[in-house]
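> This is the structure I have questions about; it appears just below.
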Amino acid sequence: MHTLWPELENIVRSRDYAALRDRLRVIPHAELAALISTLSVEDMVVLFRVLPRKDAAATFEYLPIESQQELLRGMGQSELATILNDMAPDDRTALFEELPGTITKRLLNLLSPSERQVAVTLLGYPERSVGRWMTPDYVAVRQDWSMARVLEHVRRHGRDSETINTVYVLDEKGVLVDDLPIRSVLLASVDTRVSDLMDRSFHALKATDDQSTAVAVFRQADAYALPVTDTGGVLIGIVTLDDVLDLAEEEATEDIQKIGGMAALDEPYLQTPWLRMLRKRAGWLVVLFIGEMLTATTMGFFEGEIARAVVLALFVPLIISSGGNSGSQAASLVIRALALGEVRARDWWRVIRREVASGLALGLILGLIGLLRITLWAQFSDLYGDHWLQLGLTVGLALVGVVLWGTLTGAMLPLILHRLGFDPATSSAPFVATLVDVTGLVIYFLVAAVVLRGTLL
């Protein structure tokens with residue numbers, strides 16, 4: 001329970017709603033949303049009913065989706081209509097995306113004609129596109145305006161804008177031609193023309209761009225808000241940094257879940273139904289289990305070698321885990337580099353050169369440790385017999401080959417998937433490890449067949 005609630009609860013129980021309203025008005029919207037999300041539906045409704053209209057809409061936008069849905073069920077239609085009409089279009093669209101179609105249709109009917117048109121337009125863009133996240137509330141001016149006219153326009157319309165940090169310059173057809181930081185507008189003399197401040201250099205998004213594109217452009221532009229245009233360059237909305245941070249968090253969460261070897265969840269962990277969670281996890285586990293069955297098949301293929309030199313089986317876990325770990329490392333590095341735009345598919349040769357060097361170095365380090373371990377044990381035990389040196393060389397050389405192969409596999413799989421248009425995160429660490437397990441055994445027993453021929457084999 002939030003620490004503010006005991007104080008507010010006493011006011012609620014005394015039914016002193018005027019005092020409650022005064023207390024709520026001084027609490028920041030984000031903090032108030034954090035408080036409300038911990039309460040029962042009845043208490044949530046009470047607090048929202050005493051909030052001023054604008055504060056209620058602003059606080060509602062900060063609530064988690066599940067709390068928003070609880071409030072929707074607990075509030076009357078007139079209260080819902082007030083909040084939904086006052087919400088920012090992008091936050092309202094995010095809410096509608098999470099609701100069943102029948103409920104969304106009912107809520108759309110509560111909107112005013114103008115707000116309904118905006119909501120339907122945003123919902124008409126492809127799912128996970130920038131168009132779903134943009135807001136049509138911005139300040140736009142013409143190139144021939146003076147700063148005096150621009151400032152008057154900002155005073156008149158800036159209150160309804162999502163942000164006034166940037167003023168957008170349009171031509172006669174509504175095409176975006178530039179953006180001006182509000183700082184340059186405020187510091188210019190009143191008779192300066194907009195065209196005098198323009199450099200026609202700006203970053204913009206298309207309404208059909210996906211989330212990853214939006215995150216990449218924001219990172220490059222280093223801006224609080226970016227304009228969104230249609231295919232003809234006409235300005236149709238803006239996307240703000242807070243929305244893109246949500247997108248980046250969602251995208252990173254999906255990638256982490258995929259790298260962990262499961263399908264991405266569509267809901268928070270504790271809100272995901274158990275059966276859906278089971279389906280998300282079981283699919284990849286079954287695939288990985290079938291892949292690991294190939295490991296047993298591979299060992300069966302080398303059954304003769306194992307029968308003649310049982311000691312080889314002692315190092316199977318060591319060999320396959322080293323290859324899987326090195327592959328997982330490389331896959332994670334390349335997947336993240338692709339997500340940040342540090343690496344592209346065309347950089348495959350540079351990646352191979354780096355990973356060959358890294359794989360050889362890492363393999364030599366592990367190989368020497370393996371050889372040293374067998375050498376030390378051989379001095380105090382007969383476990384490895386008279387041919388302990390050949391066995392140590394087998395393990396050491398196999399580790400070099402397996403780690404090198406694992407590193408190359410882990411680095412190349414994300415690039416190949418990216419080039420084919422798939423999500424690189426699906427070449428998850430468990431998937432790479434499973435693949436390298438099978439091939440690592442082949443490398444291990446082939447090295448053993450060469451080094452131990454005439455001795456143990």
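The values are calculated or read from the model by the stated rules, or taken from the named source; none is laboratory data. Owing to the predicted nature of the structure, the values given are computational and were not obtained by experimental measurement. Virtual Cβ from ideal backbone geometry, glycine too; neighbours counted across all protein chains shown.
> Of the residues that make up region 96-106, is at least one closer than 22 Å to Pro227 by Cβ, crowded, with 17+ Cβ neighbours inside 10 Å and not assigned by TED's automatic domain parsing to the domain that holds Val228?
No, there is no match, as no residue in region 96-106 is closer than 22 Å to Pro227 by Cβ, crowded, with 17+ Cβ neighbours inside 10 Å and not assigned by TED's automatic domain parsing to the domain that holds Val228.
> Looking at (1) part of a helix (DSSP H, G or I); (2) in contact (Cβ under 8 Å) with a residue 12 or more places away in the chain; (3) more than 28 Å from Ile352 (Cα to Cα), which is the one condition that is false for Leu397?
Failed condition: (3).
> Answer yes or no: is there a residue in region 313-321 that is among the hydroxyl-bearing types (Ser, Thr, Tyr) and touching a residue at least 40 places away in the same chain (Cβ under 8 Å).
no
> If you don't mind, there's one more thing I want to ask. Residue by residue through region 39-73, note down the ones that are touching a residue at least 12 places away in the same chain (Cβ under 8 Å) and of a type in the set (S, T, N, Q).
Residues satisfying the conditions are Thr59, Ser67, Gln68, Gln69.
> Another question, if that's okay. Ala331 is checked against (1) farther than 17 Å from Val451 by Cβ; (2) free of Cβ contacts under 8 Å to residues at least 40 places away in the same chain and fails just one. What number does that condition carry?
Of (1) farther than 17 Å from Val451 by Cβ; (2) free of Cβ contacts under 8 Å to residues at least 40 places away in the same chain, only one is false for Ala331: (2).
> Inspect all residues belonging to region 436-450 and state whether any of them is modelled with pLDDT under 90, among the hydroxyl-bearing types (Ser, Thr, Tyr) and not in a helix (DSSP H, G or I).
No, the conditions are met nowhere in region 436-450.
> Being at pLDDT below 85 and β-branched (Val, Ile, Thr), is that true of even one residue in region 64-75?
yes
Conditions (1) among the small types (Gly, Ala, Ser); (2) buried (at least 20 other Cβ atoms within 10 Å of the Cβ), marked per residue:
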position	(1), (2)
Leu364	no, no
Gly370	yes, yes
Gly392	yes, yes
Val395	no, yes
Ala398	yes, yes
Leu415	no, yes
Pro424	no, yes
Val436	no, yes
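> Also, I was wondering about something else. For region 27-56, give me each residue that is of a type in the set (Asp, Glu) and under 19 Å from Gly76 (Cα atoms).
Glu42, Asp43, Asp55
> Can you find even one residue in region 47-54 that is outside the structural domain of Thr163 (by TED's automatic domain parsing) and within 28 Å of Val130 (Cβ to Cβ)?
yes
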